[in-house]
Amino acid sequence: MMADTLFHISLSVIWLMLLYHMFLAQGGYQHFKKFEKVIPDWQRKIESIDLPIVNVFIPAHNEEVVIKQTLTAMSRIEYPKDKLQVILICDNCTDRTKEIGEQFERDYPFMKVLETEGEYKGKGKSSALNYALKETTSEIIAVYDADNTPQRKALWHLVLGLVNDPKAAAMVGKFRVINAKKTWLTKFINIETICFQWMAQAGRFYWFNIATIPGTNFAIRRSIMEKLGGWDTKALAEDTELTIRVYDLGYHIRFFPAAVTWEQEPETLKVWWKQRTRWARGNQYVVLKFLGRLFNLKQKKIAFDIFYFFFTYFLFFFGVILSNMIFIANLFFDINLNIGNVALVLWVMAFLLFLTEIMITLSIEKNQLTIHNIFWICLMYFTYSQMWIVLVVYALILETKRVIKKEDQIWYKTERF
Amino acid sequence: MSFKNIHVSFLILLLLVIYFSSENVQATTEALHLDDRKVSLVYYGSDENTWANVLFLDSTLSGLFHDVDIIELNQMEKDDLEETDILVIYLPKKIIDLEEFSVINIFDGRVLGIGEGAEDLTAFRDWTFQDNAKIDQLNGTHLNYPQAAVNVQPPDKAEVLSEGKNLDQTHSIVIKEEGNSFIGLNSVITEVKNEISRLMYDLFELEEPTEHPAYIRLEDISPAADPELVLASGNYLLDRGIPVYLAVIPVYVDTDSGMQITLEERPKLLEVLHKLVEKGAYVIAHGYTHSYRYDESGEGFEFWDAELNQMITTIDQDEMPEKLKKEDEFSSKNQFENYMESARLIETNYVEMKLEDSIQLLTELGLPPIAFEAPHYTMSSNGYHVTSQYFSALFGQIQASDNNWQVMIDPLFIGNPAILQGMTLYPETVGYVDLQYSDPLSVMKENIDKVLEVPGSVVGGFFHPYLGTDYLEEMVSELESIPNLEWIDIAEYGHHVTTDSIQVNTTVNGEIDVVKFDQERRNWLDKIKEKPFESVLWGIVFITAIFTCLFMIHLATLRLQYRKRLFEERE
């Protein structure tokens, strides 16, 4: 009886989530079919107006390995150079990052190196961004991580979106994995990121007009940033945090996959583990921060989204772990589980759903739906996805500890390759 | 195929599932114009006679008030009377420590005390009671059996609504003083029931209705009935604009051969019944065979073992069951209760089987029933409970004891007494044309006269079609001479008959609406009810399967357009 109840709970939680993702996958596909249709119209409009001035912020902390490549990509970006300023924000750099930056500063007049000072210095990404915000005046701010290689048209598309969609506070582009073929891990991450963007980002935008600011490859209006008083320096997941506050102002964030950037992903498990732990903890922090004021939020749909995050980072994993525990208990003891074939069929359906959902998102991208990748998707279900479970639990333990000990967030910068 | 359409279809599907799992329709009592005040009927005592009185009072009150509660004095809780407007206390015997039941003594609403035990209620503390008396006349009407009465000296301001007499002594029997009233009789189900029913309007200041609802049942129409005579009777009534109620027994059992003949084997009769139903006649399921064991249909009892005078205790009708054991034959009360419980289970199965067979067969033959009438009106309280799960309307009278079928009560109003568990009673009050008497209508005429003394009482009687239409004409003319007679059209009250596979409803325009569930869908719904969680899971499998297919289509579309997309990107 007890086992039955627990099993029912875990199945309900898991399937609520899976059904929602199924719904998102459908939305993502619809968004893919639709998002480009506005472009010709938008192009015509933007040609008739005065282009806004844009600052590109590249927060960097010891990025000598990747910064050259990033700045090279920036030098090729297509936007009138008299309206553009690319700012490398060196935060507490002890390597050659600044030096490389200054090289570009000399070669390209629209590039500039800023170094964080005073209270802003050495406190992480949010703080660095806040510093740059204070030091500049442009109408639009675009943010790229230091390991990013945006396509030439990326920034143009972001600005195009903002100019044409006045209710959008920010325009979010798509990111792709540059080192996808490097290791087994980057193969998984590649699949994961494509899937995340076409399901969670595109899907949510299609159904609810909600997208999350991803931390890179997005542009936001300065007016909004100022209204919000900058980035939250306490949040590990500063992007999720910012997203919620933007929606609460009554604006939306558009997922516009025409703007593409390529970014480097962790090649080793250790780096992946650290980076993802930070994300998970960050999101857990944000969820808990806003869950309490869920009903004070002006936009109800964002409350729904927070609840979705809550599901993702708490309930869903709880459900999966519970179900795994029941499965294991069932192997060793007779726990009188009173459930028929339907559980088995459901298990198969979950796998099929997983497979088809990911395959759709992969087939949207060029050269991604290959036999090779399908094999990796199957493998992913039993390996990479399971790793997430352990990770979320680990993050939860760390967060709980932190809250109990009342420590501050410590920023961990992702190691580059 | 757009996604939103699929989404909408799912929603509709879900709603349908929810709708079909809650398909109980309640009979409406709106047509009854009942008073909204809440009545609590409190009694004390567990003997047969007390219980019969309680059932009668409940039946009568439920014909006047919407909300009537029955509470045994010992079971009373502190807040039982919190919402009560009228407290009726029936105490046929003195209770030594009545003052200890403070809930009834501090009640400050309207109180009606009945019986000598009620003397000791706080409400009547200023009244004077003397030794008991006997009366052989009540309000000028002679009683065939003298009856014990309470000898009460009402206060000066009180109004005596009814007086009893014994020789030259007069006793105040029904007395009303402001909020408190008293009936000085220990039993109200005897000859006095008409007088008591009549005074309810005065006692509770209810408006007296001017009309008398009425009906005539054409009784015992079994496969053995003469089609011509049934047709003649039915047509006669229909032609006069009188609603026809056909009490049909779908199967006839021959005593000698044990042969069963169904209506299906009597095409002529069936045709006649169809004709009448088409013209608006209502069918009452009068049992399935009108017999238990090998009695002849129309004569035997079906839901009561008349030979042993006990409830049905065996499904196998060949077997002669044992007499039910008494409580003192068991070492503990618990054992006795278990024994009775298993006996009731057999009875439940038996009643279910009979009712389902009857409804099923009648409906299949195109004669969907809309009410039930137990053969000889006999049935245990458990029988009524089972029946209420199938029917919402009952014709006849109520057997008021689980030990003796002869304890029968015949209330005068249409109502929903608690024992019927939600069924509405259409009481039979005036009897039938009986050839035993030189004037076969004499008893009926007497009964009508008595019933008419009570405002709003039902004039319900029945007629056996084999007697021929001459008697029917006489009966109808007798009834039609009653001023303010109003023929009952049962459809106006809204009734239904429900089994696992059939749902019969009356509709607003008086038609009978039949819904048959096919067995597969039924099984499907049963499964959903039995294992709701598993059903939801199968629902998820279904939804997921559809989406997986949809995703495959998307995939195929994307692959087909792949080259085109590559080409565009190159541009």
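Summary of values
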quantity: Gyration tensor verdict on the stretch A:1-87 (Cα atoms; rounded if a/c is under 1.5, prolate if a/b is larger than b/c, oblate otherwise); calculated: oblate
quantity: Of A:P59, A:T149, A:F309, farthest towards positive along the dipole that unit charges on Lys, Arg, Asp, Glu beta carbons give chain A; calculated: A:F309
quantity: Sequence-distant lysines (8 or more away, or on other chains) whose Cα lies within less than 18 Å of A:K401; calculated: A:K234, A:K274, A:K289
quantity: Kirkwood-Stokes translational diffusion coefficient of the stretch B:327-438, alpha-carbon pairs, 10 °C, 1.306 mPa s, µm²/s; calculated: 101
quantity: Helix axis angle, A:154-164 relative to chain A longest principal axis, alpha carbon, degrees; calculated: 90
quantity: Protein accessible area in chain B, 1.4 Å probe - carbon and sulfur %; calculated: 48
quantity: Loss of accessible area when A meets B, both sides summed, Å² nearest 100, probe 1.4 Å; calculated: 2700
quantity: Shape call, the stretch B:444-505: gyration tensor on alpha carbons, a/c limit 1.5; calculated: oblate
quantity: Tilt relative to chain B, helix B:193-203 - C-alpha long axis, 0 to 90 degrees, to 10; calculated: 80
quantity: Furthest towards positive pole of dipole, B:S331, B:L367, B:S342, structure part the stretch B:306-371, Cβ charges; calculated: B:S331
quantity: Per residue value of the accessible surface for the protein assembly as shown (all protein chains in place, 1.4 Å probe), Å²; calculated: 45
quantity: Label-point separation in nm, A:K34 to B:E48, each point 7 Å along Cα→Cβ; calculated: 7.8
quantity: Listing of the stretch B:498-537 residues, each with accessible area lower by at least 20 Å² in the full protein assembly than in the chain alone (probe 1.4 Å); calculated: B:F533, B:E534, B:L537
quantity: Shape category assigned to chain B from the gyration tensor of Cα positions, a/c cut at 1.5; calculated: prolate
quantity: DSSP-loop trypsin sites (Lys or Arg not before Pro) across the stretch B:306-399, with at most 15 other Cβ within 10 angstrom; calculated: B:K323, B:K325, B:K326
quantity: Counting DSSP beta bridges with both ends in chain A, the antiparallel % (nearest 5); calculated: 30
quantity: Across A:K34/A:K121; A:K81/A:K182; A:K181/B:K564; A:K121/A:K174, pairs whose alpha-carbon gap is larger than 32 Å; calculated: A:K34/A:K121; A:K81/A:K182
quantity: Which of A:V393, B:V248 is most accessible, then next, and so on - probe 1.4 Å; calculated: A:V393, B:V248
quantity: B:W487 long-range amide H proximity, modeled H, under 5 Å; calculated: B:A214
quantity: Helix-only [θ]222 nm of chain B, DSSP H runs n ≥ 4, -39500 (n - 2.57) each, per residue, nearest 500; calculated: -10500 deg cm²/dmol
quantity: Dipole in debye (nearest 20) - the stretch B:326-434, about Cα centre, beta carbon charges: Lys, Arg +1; Asp, Glu -1; calculated: 180
quantity: Nearest-ten-degree value, helix A:125-135 long axis tilted from longest Cα axis of chain A; calculated: 30
quantity: Dipole of the stretch B:221-296, positive direction: furthest Cα of B:L276, B:H286, B:G258, with charges on the beta-carbon; calculated: B:L276
quantity: Net dipole in debye of the stretch B:485-571 [+1 Lys, Arg Cβ; -1 Asp, Glu Cβ; about Cα centre; nearest 20]; calculated: 1060
quantity: Scaled radius of gyration (Cα, divided by 2.2 N^0.38 Å) that the stretch A:219-336 gives; calculated: 1.38
quantity: Residue-averaged 222 nm ellipticity for chain A, from DSSP H runs of 4+ at -39500 (n - 2.57), nearest 500; calculated: -18000 deg cm²/dmol
quantity: Peptide A:345-357, shielding by other chains (average Cβ, 10 Å cutoff); calculated: 4
quantity: At 1.567 mPa s and 4 °C, Stokes D of chain A from Kirkwood alpha-carbon radius, µm² per second; calculated: 58
quantity: Kirkwood hydrodynamic radius of the stretch A:282-357, from inverse mean 1/r over distinct Cα pairs, in Å; calculated: 15.2
quantity: Longest to shortest principal axis, alpha-carbon extents of the stretch B:93-173, angstrom; calculated: 39, 27, 18
quantity: Residue-span extension gain [B:S477 to B:K326] - 0.36 nm each, minus C-alpha spacing; calculated: 49.4 nm
quantity: D_trans [Stokes-Einstein, Kirkwood Rh over alpha-carbon pairs] for the protein assembly as shown, 25 °C, 0.890 mPa s, µm² s⁻¹; calculated: 68
quantity: Charge dipole magnitude, Cβ of K and R +1, D and E -1 - chain A, Cα centre, debye nearest 20; calculated: 440
quantity: Number of partner chain Cβ atoms within 10 Å, mean per residue of B:549-561; calculated: 5
quantity: Loop-located chymotrypsin sites (Phe, Trp or Tyr not before Pro) in the stretch B:401-489, at most 12 other Cβ atoms within 10 Å (DSSP); calculated: B:Y437
quantity: Portion, in percent, of the accessible area of the stretch A:144-204 that falls on carbon or sulfur, probe 1.4 Å; calculated: 59
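The values are calculated or read from the model by the stated rules, or taken from the named source; none is laboratory data. Since we're looking at a predicted model, the values are computed, not measured. Please note: Cβ atoms are built from the backbone with ideal geometry, for glycine as well, and neighbour counts cover all protein chains shown. All accessible areas refer to the heavy atoms of the entire protein, side chains included, with ligands and DNA or RNA removed. Shrake-Rupley method; radii C 1.70, N 1.55, O 1.52, S 1.80 Å.
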